[in-house]
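One structure coming up, written as structure tokens, with questions to follow.
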Amino acid sequence: MASCVEELHFSHIHIPVTIDQMIPVLPAGPIPAVHGSRLYLSNLDNMIGARVFTPTVYFYKSNYMSSNRKPVTKTLCDALSRVLVPYYPLSGRLREDSNGKLEVFFGQEQGALLVETHSDMGLAELGDLAVPNPTWAPLNYRFPNEEPYKVLDMPLIIAQVTLFACGGFGLGLRLCHCICDGIGAMQFLAAWAATAKTGALVTNPEPCWDREFFQPRNPPTIKYRHPEFKRISSSTQVKSLAQPNDMLGCSTFDAMAAHVWRSWVKALDVKPVDYELRLTFSVNARPKLKNPPWKQGFYGNVVCVACGTSPVNNLIKGSLSETLRLVREARLSISEEYVSSTVDYMEIDRPNRLEFGGKLSITQWTRFPLYESADFGWGRPSYAGPIDLTPTPQVCVFLPDGSAECSGATVVCICLPGSATHKFTEFFVCLKDLISNDESE
């Protein structure tokens, strides 16, 4: 398996952006909600990791100034307005009920927000359009003095169109994770894009809300330890800032995740060596739901957090196949009962803060049709994905290769302290033992 490891140092690029107009976008027709209506959100939607906006950006090199091109902002606004009819919950706002759980509420402040801006720069001046870049932050609109992780009383869709001097443009999108997981977000994005491209409402599949599907049992029944929700006490210190023999069901993700985990631990020289480290990653639980089966078009959160654990010493001195087996077992442990147990756990002991200590978290964007879902009529984006990884340095992101050749390669993005980058590169390029197959998850 060939690999290329590149250490990126982002030079500070100042992107001058001028706001031209801020456009509230309301549903284009009647919706089944009135002033005062409320919608239930499940415990999976209420997970602390979902109480965020997911910022992404899409770049298009097509010349929007050409006389035969449709106007970008108007096209996107009109299409979003149409799509908000079947996806009407995205036009509401989040608030907490008396128990601190989130719900969608329909009041006076409604609709999505689309911000039109322009920049005197060209796309070619934005650096490498193949990997996330924190200097692109001005391309995602944030309210003045907006608090980190604020989701209450916010538009659930915040879009920013940036028209560049070269004729290309960017679409920065902040979508509230409480309303949809990655697969649900791609479903919504594909409907918006297809509607913009055709000029008529396109929803395939038809969106399904139905969050009551994941109501907790009565009484709640927790059948697993759920180490993914382990709290790290302030007294805990962690110094730092292959194929299994049985060959059963190993995926490309298992192999890559195991290799990244081991390389990360070795590069950071984590101590003490008997410390129990965790590797967490989200698993799409839709295929696990059989009784009753999930409804097609459901765009809410249907992910569980898989968790592998290992002492530091085992990751350093053990074989890749042993680590790979831990990852595979964690992935395969997500069952229909595990989903129910997670919902019940959240009912009894809902974590109230994000935990990054003592673990590496991997986010797998390779399973999302980022590029295929984002053709709004101006062709395939030259880049589609997240903007910035630096706020969460213990997170690794697997991105699809966005090149026109569609090679199927994976771009692995991880933030490390400068002292660890050379070591990580040294360990990561040693792929002679990394054997994987193309089994889909």
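Give the Cα extents of the chain along the principal axes, in whole Å, largest first.
So the extents along the principal axes, rounded to whole Å, are 61, 55, 40.
Which whole-Hz couplings ³J(HN,Hα) result when phi for each residue of the stretch 149-165 is put into the Karplus expression 6.51 cos²θ - 1.76 cosθ + 1.60, θ = phi - 60°, listed in order with x for Gly and Pro?
6, 6, 10, 6, 6, 10, x, 7, 10, 10, 10, 10, 9, 10, 8, 8, 5
Still on this structure, I have one more. Return the carbon/sulfur percentage of the accessible area of the chain, one whole number, probe 1.4 Å, all protein chains in place.
Exposed carbon and sulfur together represent 53 percent of the surface.
Would you mind pulling out the separation of the Cα centroids of the stretch 338-401 and the stretch 258-314, in Å?
Rounded to whole Å, the Cα centres lie 12 Å apart.
Could you pull the accessible area for D401 with a 1.4 Å probe, rounded to 10 Å²?
Roll a 1.4 Å probe over it and D401 shows about 40 Å².
Probe of 1.4 angstrom, ligands and nucleic acids ignored: what's the accessible area per residue over the stretch 245-383, in square angstrom?
It amounts to 38 Å² per residue over the stretch 245-383.
Around D153, under 12 Å between beta carbons, what's the net of Lys plus Arg minus Asp minus Glu among the other residues?
Combined, the nearby Lys, Arg, Asp and Glu give -1.
Can you give me the Cα centroid spacing of the stretch 97-162 and the stretch 193-209 in angstrom?
Comparing the Cα centres of the stretch 97-162 and the stretch 193-209, I get a distance of 22 Å.
A further question on this structure: What would the Debye formula give as log10 I(q)/I(0) at q = 0.17 Å⁻¹ for the alpha-carbon point model of the stretch 59-193, no solvent?
So the normalised log intensities work out to -1.03.
Tell me the relative contact order for the stretch 126-176 as a rounded percent, counting alpha carbon contacts under 8 Å between residues six or more apart.
The normalised contact order for the stretch 126-176 reaches 34 percent.
If we count every other residue with Cβ under 10 angstrom of G49's Cβ, Lys/Arg +1 and Asp/Glu -1, where does the sum land?
Net charge in that neighbourhood comes out at -1.
If you place +1 on the Cβ of every Lys and Arg, -1 on the Cβ of every Asp and Glu, and leave all else neutral, what size is the dipole of the stretch 18-210 about its Cα centre, to the nearest 20 Debye?
Rounded to the nearest 20 debye, it is 360 debye.
If you don't mind, there's one more thing I want to ask. Got a sec? Charge dipole of the chain, +1 on Cβ for Lys and Arg, -1 for Asp and Glu; which of V265, L389, C413 is way out at the positive end?
About the Cα centre, the residue reaching furthest to the positive side is V265.
Pairs to check: K290/K359; K74/K295; K101/K230; K150/K230; K230/K290; K197/K288. Give those whose C-alpha atoms are more than 26 Å from each other in this structure.
K290/K359; K74/K295; K230/K290; K197/K288
Counting only heavy atoms of protein chains, what accessible area per residue, in Å², does the stretch 18-210 have with a probe of 1.4 Å?
The answer is 40 Å² per residue.
Give the percent of DSSP beta bridges with both residues in the chain that are antiparallel, rounded to the nearest 5.
Of the beta bridges lying entirely in the chain, close to 75 percent run antiparallel.
The values are calculated or read from the model by the stated rules, or taken from the named source; none is laboratory data. It should be emphasised that the depicted structure is a prediction, and the values quoted were computed from it without experimental measurement. Glycine also receives a Cβ, built like all others from the backbone with ideal geometry; neighbour counts cover every protein chain displayed. Just the protein is used for accessible areas: all its heavy atoms, side chains included, with ligands, DNA and RNA removed. Shrake-Rupley method; radii C 1.70, N 1.55, O 1.52, S 1.80 Å.
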